[in-house]
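**Q** Provided herewith is a single structure, encoded as C-alpha cells, for subsequent inquiry.
Any read-out appearing in this document is the output of simple, stated calculations on the displayed coordinates, not a laboratory observation. This one's a predicted model, so the numbers in the text were calculated from it and none came from an experiment. Cβ: placed from backbone, ideal geometry, glycine included. Neighbour counts: every protein chain shown.
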Amino acid sequence: MQIAYTVEDAKRITRAWKKEGQTIGLVPTMGYLHEGHASLIKKARENNDKVVVSVFLNPIQFAPNEDLDSYPRDFDHDCALAEEMGADLVFHPEPSEMYKNHETYVNMGLLTESMDGLARPIHFRGVCTVLTKLFNIMQPDNAYFGQKDAQQLAIVKKMVFDLNFDVKITGCPIVREDDGLAKSSRNTYLSPEERAAAPVLSRSIAEGQRVIKAGMASADLVAQMMKVLDSEPLADTEYVKVVDALTMQPVETIDRPVLVAMAVHVGPTRLIDNFSWEPED
C-alpha cells in the first residue's frame, strides 16, 4: 500500500492507474477509522481495481466552537486498517497542502437548509468543497459514504449530479455496536456512564421503525420517538425530524419516501442517527 502526502503525488499515482484502464474507488474519511469505515473500504475493494482512502481532517467544515482540535487521530492505526481491508493508496495531506491561498468554496442550497445544515451552518460548504477537490484529484469511478450521515449522502449525490462529476456515489449501511449504537469516531468522547446511555438513540430509531406507517402524521412519529429519548436523563435532544428523502425538507404527513433523522447530545458529545422509510408500493 502506498501513502501520498501531496496532491501531486496522489495525482501521479491515480493518473497512472487511469492510463492503465484501472477503475478507482474512493473512500473519503476524516481518520480515526473504525468498523464502519472498514465496511466502506471492503465495498470499494469488491467493486474496483484500485482503492484510495483519504485520511484528511478537513478544517473548513468545522466552526470555531466545534471539535476540530480534540477530534481523535491515529494515523498508524488508520493505515493498518486500510491496508488490512485492501486499500492501495492512503492520501493524507496537511491542510496547507489542500488549501493554499484558498478562496473558492462549493455551496449547496435547499438540501442544506434543515437539520445539520441549520445546526452547523458552514459544515456542508466545507464538505462539498473538500469532496470537489478530492474528486478532481483522484478522478474516481466510484465513491463510498456511510448512511449514518444521510443528509450528507443526499447532498453529495445532488452535487455530483448538478456539477456533472463522472463518479458514482454509493451509500453503505450503518454499522452498529452490539447494543445498537451507530459506529462513530466521536463515540470515543463518551465517558463510561455516557456510553451506557448512548444506545437510547438506536432504541428511539427502533421505536420509530416499529410504529411508522403510511399516512401517519410526522408529529405523531416524532412524539413516539421522543418518549424514548426523554427516558434517558443524559440525553439532550437537538432535533428529531421527518424529511423528504430527496429534498431534505420537512413533511407533515408520511406519504412518500422519507428520512427520519436525529441529533442528540449525550453529555457534551453530539451523536446522530437515522432510518429511511418508503411506502410499500
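**Q** Could you please let me know if R45 is farther than 25 Å from R73 by Cα and not small (G, A, S)?
**A** no
**Q** Which one is surrounded by the most Cβ atoms within 10 Å (Cβ to Cβ) among residues in the range 121-172 that are of a type in the set (K, R) and in contact with a strand residue (DSSP E or B) (Cβ under 8 Å, 6 or more places away or on another chain)?
**A** It comes out as K148.
**Q** Among K157, K241, which is the only one that is within 18 Å of the chain's Cα centre (by Cα) and without any contact (Cβ under 8 Å) to a residue 24 or more places away in the chain?
**A** The conditions single out K157.
**Q** Checking A198 against (1) of a type in the set (G, A, S); (2) over 16 Å from A182 (Cα atoms); (3) under 24 Å from the mean Cα position of the chain (by Cα), which single condition isn't satisfied?
**A** (2)
**Q** Take the range 247-269 and flag every residue that is buried (at least 18 other Cβ atoms within 10 Å of the Cβ) and closer than 17 Å to E66 by Cβ.
**A** Matches in the range 247-269: A263, V264, V266, T269.
**Q** Test T247 against the stated conditions and say whether it is within 22 Å of the chain's Cα centre (by Cα) and in a loop (DSSP other than H, G, I, E, B).
**A** Considered against the rule, which asks whether it is within 22 Å of the chain's Cα centre (by Cα) and in a loop (DSSP other than H, G, I, E, B), T247 comes out as yes.
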